[in-house]
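Q: For reference, the structure I am asking about is given below.
Readers should treat all values here as calculations from the given coordinates under stated rules, not as data from a laboratory. Just so we're clear, the structure is a prediction, and the values are computed from it rather than from any experiment. Using ideal geometry, Cβ is built from the backbone for each residue, glycine included, and neighbour counts are taken over all protein chains shown.
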Amino acid sequence: MNWTNEQGGSWDLASNWNPSGRPDSSKIATFSLDEHYIVTLPDHREIAGVVVNAGSVYFSFGTSQLSRRPPGACPTSRS
């Protein structure tokens, strides 16, 4: 699933993703916008992985966690 909001915003807001929705344990979150932005994670989420292809993405977790399925550290890559 691709992040679409170059201003940043909430992970949970469906319109920030293409296709609309939010990544779940079967989806990879992809960030390809050539911008600098903050993505906030208001609750614990489990996803398949994270890929950062461009720009600078900062994640604001607060007390939330982002984990990957199967359990373990969420891999982050930059192509």
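Q: Enumerate the amide H contacts of residue 2 below 5 Å, restricted to partners 5 or more residues apart or on another chain; note that Pro and chain-start residues carry no placed amide H.
A: When sequence neighbours closer than 5 places are left aside, the close amide H contacts are 18, 30.
Q: How do 45, 22 line up, fewest other C-beta atoms within 10 Å first?
A: 22, 45
Q: Could you go through the range 31-42 in sequence order and give the Karplus-derived ³J(HN,Hα) for each residue, using 6.51 cos²θ - 1.76 cosθ + 1.60 with θ = phi - 60°, rounded to whole Hz, and x for Gly and Pro?
A: Values per residue, Gly and Pro as x: 10, 10, 7, 8, 9, 10, 7, 10, 10, 9, 10, x Hz.
Q: Show the residues, 5+ positions off or on another chain, whose built amide H is closer than 5 Å to the amide H of residue 47.
A: It is 67, 68, 69, by chain and number.
Q: Rounded to the nearest 20 Debye, what is the dipole magnitude of the range 1-64 about its Cα centre when Lys and Arg each give +1 and Asp and Glu each give -1 at the C-beta?
A: 120
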